[in-house]
Amino acid sequence: MTDETPRIVFFGPDVKTEVTADEFGNKASVLTRMSALGIPVPPGFALSVDICEEYFRNGQVLPDDVPELIRQGIAFIERSTGLRYGASRRPLLVSARSGAAVSMPGAMETILNIGLNRVTVRGLIAQTGNPRFAWDSYRRFLEYFGTIVFSHDPGAYRKIERLVLEEERVPDESGLDFAAMRTIAEQYEQLYSRTNGKRLPDDVFSQLELATTAILQSWNSSRAQTFRSMNPLSGARGTGVTVEAMVFGNLGTLSGAGVAFSRNPWTGVNELLVDFKFGAQGEDIVSGLMGVVSYQEFAARIPLAARELSEAAKRLEFMYHDMQDIEFTVQEGKLFILQSRSGKRAPLAALKIAVDLAHENIIAKDEAVGRVRDIDAEAITIQTIKTSESPLATGISASMGVASGKIALSAEHAIELSKNSPVIMVRETANPDDISGIGASLGILTVRGARTSHAAVVARQMGKVCIVSCGELKIDLARRVCAFPGRDLYEGDYITLDGQSGQIYAGIIPVVVEKPTELIEELHTWSSGT
């Protein structure tokens, strides 16, 4: 990279600039390209990967020009939106996201709703006429900022939320009114002084500078280092920082957030796969903390946005010549694409997608062969269960295959048990911090979460069987028990996951094994040129 390479780039309506992933990270590269093509993205700016390198080279101190670059970027977003950052009327809020040259789902940080304080919360209420939305956004921001910037224990926030839910007698936050949301936000504010004495900065530019620092710092987090050790990234220099105007999936009844795959990432079938949640922000989906609805339910409620998403997915797949993983938000019926990247996929899906893309003339046959060269095609099997046993419970399948192993209720126990036995990691919800346990396990079972959460994405790519959202399962960590309807199993007991049906069985169940012979033979024919 030359000295003339800019350290900031802008994207949004009528902006035609495009940058490379090496310069600004994959996320910014895709956003600038989508923006130039007229695909609806929120306006924003990105700081270059050079800044990350300089940050660590200078003893983890922000380079001197970063505050001014941030102000330039915010001024651009203000001009694009007509909103003002930190204003008491029509306030602008932004998100800050990491973005390495190669996608690292869930390995680094994202902070939403930056720019909120007591003044701008009142401005947001006046602007939208929706106090519940404003207080919901503020309590989310307090949690993001506290846990990511100030390293607060996430459990302290979960405890406050749980106590309010119990007091209001509702199962989840969607049932809370604005007064309950305000109560949560006020108690979150008190956590700051109780935890380490650091107050949330009222100055919104200080908020964004601290958020930028936290995102740069996440490049060297233990989670990111573990991801890079398990997925070697050649020439990875650091992360860019992407800042976008907030669009709100929690604004109203025709709002929500989702993740879409342009093809099924575990079977490879050419079908749009969507997880969507009404009244949510994007991190609710990828974190694995919440349940979701399907594309069909999403399309029934917001048909225009669903059609636009389907069209955008096809366009992006054709543009990048690969299956895409797309994060999106719908704000009051209007679709915004937040990012798109080549989707992580199971080995079987990798074979089918490569062959199908060649048949559809999106890629050449020799490229299809090259894409699966590092996959041991002969080792790929299609496993099914044939048994008269009744399943313990049923969840939502997030991958193919069958896996049997001993129950492990934490990543640490999964690693320990895997030294002598196959392991199934069972969690309330998996998160990216569990990556080492995912790597040590044959399969993952969660009580909550979506098929498109970061943890499920990583598990699929690693060839693990994954079943999510098994609401019939209750985990008692104190007793180390998994309570299924009619039967309790203990940590260390064997269970079997059937990724095809989403069913869970006690013990080890026999498996019928087939091979994707037709796909393998077609690829062999192409590679030999016959």
What about residue 75, is it closer than 18 Å to residue 207 by Cα, out of contact with any Pro (no Cβ under 9 Å at 6 or more places or on another chain) and part of a strand (DSSP E or B)?
no
Those residues that are surrounded by 20 or more Cβ atoms within 10 Å (Cβ to Cβ) and outside any loop (DSSP other than H, G, I, E, B), I need them from the stretch 451-474; list them, please.
454, 455, 456, 457, 458, 459, 460, 461, 465, 466, 467, 468
Take the residues in the stretch 425-450 that are open to solvent by less than 20 Å² (accessible area, probe 1.4 Å) and within 13 Å of the chain's Cα centre (by Cα); name whichever of them is farthest from residue 283 (Cα to Cα).
430
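Do we find that residue 482 is open to solvent by less than 30 Å² (accessible area, probe 1.4 Å), outside any strand (DSSP E or B) and out of contact with any Phe, Trp or Tyr (no Cβ under 6 Å at 6 or more places or on another chain) in this structure?
Details: open to solvent by less than 30 Å² (accessible area, probe 1.4 Å): yes; outside any strand (DSSP E or B): no; out of contact with any Phe, Trp or Tyr (no Cβ under 6 Å at 6 or more places or on another chain): yes.
No: the conditions fail for residue 482.
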Take the conditions of a type in the set (Val, Ile, Thr), open to solvent by less than 20 Å² (accessible area, probe 1.4 Å) and under 23 Å from residue 327 (Cβ atoms) and apply them to residue 66. Does it pass?
no
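Quick grid of which residues meet (1) within 14 Å of residue 316 (Cα to Cα); (2) open to solvent by 20 Å² or more (accessible area, probe 1.4 Å); (3) among the polar types (S, T, N, Q); (4) part of a loop (DSSP other than H, G, I, E, B):
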residue: 9; (1), (2), (3), (4): no, no, no, no
residue: 18; (1), (2), (3), (4): no, yes, no, yes
residue: 32; (1), (2), (3), (4): yes, no, yes, no
residue: 38; (1), (2), (3), (4): yes, yes, no, yes
residue: 42; (1), (2), (3), (4): no, no, no, yes
residue: 46; (1), (2), (3), (4): no, no, no, no
May I ask you to list pairs of residues, at least six apart or on different chains, whose Cβ atoms are under 8 Å apart, with the first in the stretch 220-231 being touching a residue at least 60 places away in the same chain (Cβ under 8 Å) and assigned to a helix (DSSP H, G or I) and the second being open to solvent by 40 Å² or more (accessible area, probe 1.4 Å) and not small (Gly, Ala, Ser)?
220/56; 223/433; 230/462
Screening 306, 300, 313 for residues that are open to solvent by 40 Å² or more (accessible area, probe 1.4 Å), among the hydrophobic types (A, V, I, L, M, F, W, C), part of a helix (DSSP H, G or I) and modelled with pLDDT of 95 or more leaves only 300
Would you be able to tell me the number of residues in the stretch 368-401 that are modelled with pLDDT of 95 or more, outside any loop (DSSP other than H, G, I, E, B) and in contact with a strand residue (DSSP E or B) (Cβ under 9 Å, 6 or more places away or on another chain)?
2
Out of 114, 148, which single residue is out of contact with any Leu (no Cβ under 9 Å at 6 or more places or on another chain), under 16 Å from residue 283 (Cα atoms), buried (at least 16 other Cβ atoms within 10 Å of the Cβ) and not basic (Lys, Arg)?
148
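Between 96, 87, 100, which is open to solvent by less than 50 Å² (accessible area, probe 1.4 Å) and over 27 Å from residue 14 (Cβ atoms)?
Numbers: 96 fails: over 27 Å from residue 14 (Cβ atoms); 87 fails: over 27 Å from residue 14 (Cβ atoms).
When all the criteria are applied, what remains is 100.
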Exactly one of these conditions fails for residue 135: (1) open to solvent by less than 10 Å² (accessible area, probe 1.4 Å); (2) in contact with a Lys or Arg (Cβ under 7 Å, 6 or more places away or on another chain); (3) in a helix (DSSP H, G or I). Give me its number.
(1)
What are the pairs with Cβ atoms under 9 angstrom where one residue, in the stretch 20-45, is farther than 16 Å from residue 325 by Cα and among the β-branched types (Val, Ile, Thr) and the other, located anywhere, is assigned to a loop (DSSP other than H, G, I, E, B) and at pLDDT below 95? Sequence gap at least six, or different chains.
20/101; 32/15; 32/16; 32/17; 32/18; 32/19
If we scan the stretch 201-218, do we find a residue that is in contact with a Ser or Thr (Cβ under 8 Å, 6 or more places away or on another chain) and more than 24 Å from residue 115 (Cα to Cα)?
no
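Can you find a residue that is under 26 Å from residue 294 (Cα atoms), outside any loop (DSSP other than H, G, I, E, B), open to solvent by less than 50 Å² (accessible area, probe 1.4 Å) and modelled with pLDDT of 95 or more anywhere in the stretch 407-422?
Among the residues of the stretch 407-422, not one is under 26 Å from residue 294 (Cα atoms), outside any loop (DSSP other than H, G, I, E, B), open to solvent by less than 50 Å² (accessible area, probe 1.4 Å) and modelled with pLDDT of 95 or more, which makes the answer no.
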Using the structure shown, decide if residue 162 is under 25 Å from residue 256 (Cα atoms), open to solvent by 80 Å² or more (accessible area, probe 1.4 Å) and not β-branched (Val, Ile, Thr).
yes
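The values are calculated or read from the model by the stated rules, or taken from the named source; none is laboratory data. This is a predicted model, so every value here is computed, not measured. We place every Cβ from the backbone using ideal geometry, glycine too, and count neighbours over all the protein chains shown. What goes into the accessible areas is simple: the full protein's heavy atoms, side chains included, and nothing from ligands, DNA or RNA. Shrake-Rupley method; radii C 1.70, N 1.55, O 1.52, S 1.80 Å.
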